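Remarks on the structure that follows.
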């Protein structure tokens, strides 16, 4: 079969820094091709070179048998190469049909008057063809993230896309939405459309992809057919070394109860939530997205009001009404969305690391810079944060290193109770392992840890007990000995 | 990385280079421009806008805006003048005037944080209401002839401190204090943090609401201080004083390179921005440009500065 896209010996440098060094990448019509590599391996640069955001320094790109030099993503789109970004590009105040035809609305002659009926009819036919359960007249902003993503896919298909490049497409989707996305991907395949699938989630890649290409430090490592390879080989290709056990073991003696929550209720969001965590224990929290797990954690942390219920720390009742009070009680929370809720992106690594502690580090309101610098450098070292300088803006770091900064900023205040919401989202394999080791180290120091995660292998690999949330209620609290994914999934979807 | 750092430095120098160019051009066009007398006069005029703009810098750094500064200036001036006209001691009247500015700022802050009203709307409303209160209090007439013998009050607008006009001294002292606050204290650090990402700041345990109230209180107080200087210079409190001052203050902040979306900026830029506006006003007056054209030119300069700034970021 003739490749749809054929990139050969691609070279790209920024200044003296080589980002892509002789990368080959080939996409066949109708295949799902995973592009993998740790953060900073060059995946996004490769895509940007392909779609004309960056100009290549060397190598050739052949699309449909013709060598191309795109200067703008628009030109790539004209050749049927469309990128679906992680941050979706839909306009929430427009309908599904209006979004699909944005900028290409069918009009009456050249009057500028839109033929709404015609537009909705065509939109409906695209949606049907892709097996999407959507109405053209629905307002896009009221749809779930998964359905908004479908709108974007439908728009791409309506422009005659031949190759969709999907960047972390499942990062914000629920399990059910992921299944729906996979069935759409299979439909697209049947119609001969190629998918480039960028993701850190191994399980998904082995479920949906046909081939995997791996980059490491800007080098092309290899392309494998899915049936010829396995999980361990891919990880080794990505990190260039054996990383050993995926979930490091810990040996901790679990101490006395640190946090107890009784009958926590917020009408319509969660109800009657009771559980406890002990010193040195990791309580995993599983549940579908939208089950209320994040809301429960935010309520405990004082970031969201609740109607009823009691919280006890070390056996004493506490009243927490703001994150500040939670911090004063020794609770830290690593939020699920580090860009929106975790970091001040324009501020430096230094300033982010000391933010919750800045008042203790000051004398009469004046920042003691020498004291701060010591703490900052010790945390950069301890967490192995890769940054050229503590004064670098945190937005310049990779996802994994940003997440380490979030960890560091909370560890600096020596929390007794640590709530983690999706601690490894968008973090590559190597950094994941470091974060797991950090969690174990904290547990060993006697910190009580609550870890919310959508990745079941992570929950099962890290937790002593697993609490499953379903529609705002505690469906089950399971001891984690030989617990399997099916048992947890059944509880998370409302079964027993 | 080095490259990124250098770019930032050039960007920081931009307003200063603009100011220098402006001064060079004006000193060629007018021989009166570079005289000591003219500069003392110019700086005295700048001090009023600069004081307001310093406060505005903090507000804008938190991602807010304060449109009420001109009205706060007018009402606090009227209160001080009114008290003095009734025979209240100058020092006490000044103190009460400043405090009234603080209270108006706190009110802005409370409406914005506790009432969850967008800063633009909240201060648009108080701008109108404070102006109305000024007109009610003064009955629409200027308050004059109240402080002919009060040294303290006379000093504020017309006095000299080792040969330097007091308004300029006040401007520099406030500048230095606020520069240190922004650079060296947790208050300054938190101001940037809240403007950079309010939600993350709240979740980091910062007292977001309290800090915002302080910031609006600061702006209110500085507006009152600017009002007192103005009132002392004119020896009268005008009910329409300070009209449209918020625009000059915002222009100074923006010219200085502070981002209206918050979290990015610096107070030195604001000082330079206020100087650019002041030099422009002064120069155009010296060149006998009609005040109608002056507005056109000022508008064009602001636009040009922002466009150049945008180019550098791209």
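A few remarks follow.
- Residue in the range A:331-345 that is nearest to the chain's Cα centre (by Cα), counting only those that are at the interface with chain B (Cβ under 8 Å from one of its Cβ atoms) and in contact (Cβ under 8 Å) with a residue 24 or more places away in the chain: A:335
- Cβ separations smaller than 7 Å between residues 6+ apart or across chains give the following pairs from the range A:346-374 residues that are more than 9 Å from every other protein chain (Cβ to nearest Cβ) to residues that are at pLDDT 90 or above and surrounded by fewer than 16 Cβ atoms within 10 Å (Cβ to Cβ): A:348/A:391; A:350/A:391.
For (1) in contact (Cβ under 8 Å) with a residue 24 or more places away in the chain; (2) within 14 Å of chain A (Cβ to nearest Cβ); (3) buried (at least 16 other Cβ atoms within 10 Å of the Cβ), each residue gets a yes or a no:
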residue	(1), (2), (3)
B:12	yes, no, no
B:65	yes, no, yes
B:70	yes, no, yes
B:83	no, no, yes
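- Within the range A:315-330, the set of residues being away from every other protein chain (no Cβ under 11 Å) and in contact (Cβ under 8 Å) with a residue 60 or more places away in the chain comprises A:330 only.
- Test result for residue A:50, buried (at least 20 other Cβ atoms within 10 Å of the Cβ), out of contact with any helix residue (DSSP H, G or I) (no Cβ under 9 Å at 6 or more places or on another chain) and assigned by TED's automatic domain parsing to the domain that holds residue A:201: no
- The number of residues in the range A:376-423 that are on the phi > 0 side of the Ramachandran plot, more than 14 Å from chain B (Cβ to nearest Cβ) and touching a residue at least 60 places away in the same chain (Cβ under 8 Å) comes to 1.
Residue-by-condition table, conditions (1) closer than 19 Å to residue A:394 by Cβ; (2) surrounded by fewer than 20 Cβ atoms within 10 Å (Cβ to Cβ):
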{"position": "A:285", "(1), (2)": "no, no"}
{"position": "A:288", "(1), (2)": "no, no"}
{"position": "A:304", "(1), (2)": "no, yes"}
{"position": "A:353", "(1), (2)": "yes, no"}
{"position": "A:380", "(1), (2)": "yes, no"}
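- Looking across the range A:78-89, the residues that are within 26 Å of the chain's Cα centre (by Cα) and at pLDDT 90 or above come down to A:81, A:82, A:83, A:84.
- Scanning the range B:177-205 for residues that are in contact (Cβ under 8 Å) with a residue 60 or more places away in the chain and surrounded by fewer than 20 Cβ atoms within 10 Å (Cβ to Cβ) gives B:179, B:198.
- Just one of the listed residues (A:132, A:166) is closer than 28 Å to residue A:200 by Cα and in contact with a helix residue (DSSP H, G or I) (Cβ under 7 Å, 6 or more places away or on another chain), namely A:132.
- Residue among B:191, B:185, B:219, B:258 that alone is within 30 Å of residue B:297 (Cβ to Cβ) and within 14 Å of chain A (Cβ to nearest Cβ): B:258
For every residue, the table says whether it meets (1) in a loop (DSSP other than H, G, I, E, B); (2) within 23 Å of residue A:239 (Cβ to Cβ); (3) touching a strand residue (DSSP E or B) at 6+ places or on another chain (Cβ under 7 Å).
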position	(1), (2), (3)
A:424	yes, yes, no
A:438	no, yes, no
A:467	no, no, yes
A:474	no, no, yes
A:488	no, no, yes
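- Wholly within the range A:138-228, strands (runs of 3 or more DSSP E) carrying at least 2 residues that are under 17 Å from the mean Cα position of the chain (by Cα): A:163-167, A:194-198
Residue by residue, here is whether (1) farther than 30 Å from residue A:478 by Cβ; (2) part of a strand (DSSP E or B); (3) touching a helix residue (DSSP H, G or I) at 6+ places or on another chain (Cβ under 8 Å) holds:
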residue: A:299; (1), (2), (3): no, no, no
residue: A:320; (1), (2), (3): no, no, yes
residue: A:327; (1), (2), (3): yes, no, yes
residue: A:354; (1), (2), (3): yes, no, yes
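- Verdict on residue B:121 being closer than 26 Å to residue B:55 by Cα, surrounded by fewer than 16 Cβ atoms within 10 Å (Cβ to Cβ) and at pLDDT 95 or above: yes
- When B:174, B:208 are screened for being surrounded by fewer than 24 Cβ atoms within 10 Å (Cβ to Cβ), within 13 Å of another protein chain (Cβ to nearest Cβ) and out of contact with any strand residue (DSSP E or B) (no Cβ under 8 Å at 6 or more places or on another chain), only B:208 passes.
- Among the candidates A:242, A:263, residue that is more than 22 Å from the chain's Cα centre (by Cα) and at pLDDT below 90: A:242
- Sole exception among (1) away from chain A (no Cβ under 14 Å); (2) more than 13 Å from residue B:226 (Cβ to Cβ); (3) modelled with pLDDT of 95 or more for residue B:97, by number: (2)
- Scope the range A:329-352; condition in contact with a helix residue (DSSP H, G or I) (Cβ under 8 Å, 6 or more places away or on another chain) and assigned to a loop (DSSP other than H, G, I, E, B); matching residues: A:335, A:336, A:343, A:344, A:345, A:346, A:347
- Among the residues of the range A:105-128, not one is closer than 19 Å to residue A:148 by Cβ and part of a loop (DSSP other than H, G, I, E, B).
The values are calculated or read from the model by the stated rules, or taken from the named source; none is laboratory data. Everything numeric here is computed off the predicted structure, so don't read it as measured data. Ideal geometry is used to build each Cβ from the backbone, glycine not excepted, and the neighbour counts take in all protein chains shown.
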